[in-house]
Amino acid sequence: MRFTTLPNSINKTVFLVSCGLSLFFLLSCSVSGIAKEKSSYYWYDGKQKKPLSLDRQRWIEFDTDKSRQPSASKEQLLEKKIGSAKVYRLSEGGQTKSIQSTRSIKKSADEDGTLFSEVFDSSGQMKALPGGIIVSFKKDWDEKAIAQWADKQNLVINKPLLRNINLWLINSPSGIETLNLANKITEQGEVNYATPNWWQPATPK
């Protein structure tokens, strides 16, 4: 069997093309992954599905005890206060090393007795989840039917918001768990819709 040796110039060309194709493939996968990540969050505004972007550098705490003083490490990360909400921002060095993940931040918030939420962006509007889901029930559902539905879902009814249109508030934890639960309830199709009880900064008039 006879083998043909390619000239060095052709070998180099083949090598460069191969590297170029590999790099293109890796970049394509990275861009695809980023796009998928950004589009993986959404919520229902009534029956309309809307996209959300997760801000991975910020989180919000809603402190129910205003007399409580934050730890020194947290205070250094405080970006701003908006009413009862405290917006924290992770920096690249220093304090960031002591907070390794969102999970550890939430654990710290739970220990402090505060309500923790990730920060989202929806059409340029900052949003967070202090807890609670607003559910629109069908018009022919009475309170007994609503209570039976809640029991089946292992949920607790908080209070009616607008009885004339069967709009109620149900209890749910703060943070992303509420977003996932609200979406699940809507997509089950038993109720008209469920939407998170969003917090967002007041818009100046």
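Only the coordinates and a few stated rules stand behind these numbers; no lab work does. These numbers were taken from a predicted model, which means no experiment stands behind them. FYI the Cβ positions are ideal-geometry reconstructions off the backbone, even for glycines, and counts take in every protein chain you see.
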Can you work out the base-10 log of I(q)/I(0) for segment 143-189 at q = 0.14, 0.18, 0.31 1/Å, using the Debye formula on its C-alpha atoms alone? -0.35, -0.59, -1.29
If you count, for each residue, the other Cβ atoms within 10 Å and average over each peptide, how do 128-136, 79-87, 51-59 line up from highest to lowest? 128-136, 51-59, 79-87
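Take the Cα pairs of segment 114-205, get the Kirkwood Rh, then feed it into Stokes-Einstein at 4 °C and 1.567 mPa s and tell me D in µm²/s. Numbers along the way, then the final one.
Values: Rh = 13.9 Å.
So the translational diffusion coefficient is about 93 µm²/s.
Give me 41, 88 ranked fewest to most by other Cβ atoms within 10 Å of their Cβ, as a rough exposure proxy.
Numbers: 41 19, 88 22.
Neighbour counts put them in this order, fewest first: 41, 88.
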Considering amide H positions built from the backbone, and no H for Pro or chain starts, which residues 5 or more places from residue 45, or on another chain, come under 5 Å of its amide H? 50
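For a 27 Å ceiling on Cα separation, which of these pairs sit above it: 80/159; 86/184; 47/127? Write out the running numbers ahead of the final one.
Numbers: 80/159 32 Å; 86/184 29 Å; 47/127 19 Å.
Over 27 Å Cα-Cα: 80/159; 86/184.
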Student exercise, segment 133-196 dipole from Lys, Arg, Asp, Glu Cβ charges, in Debye to nearest 20: 140
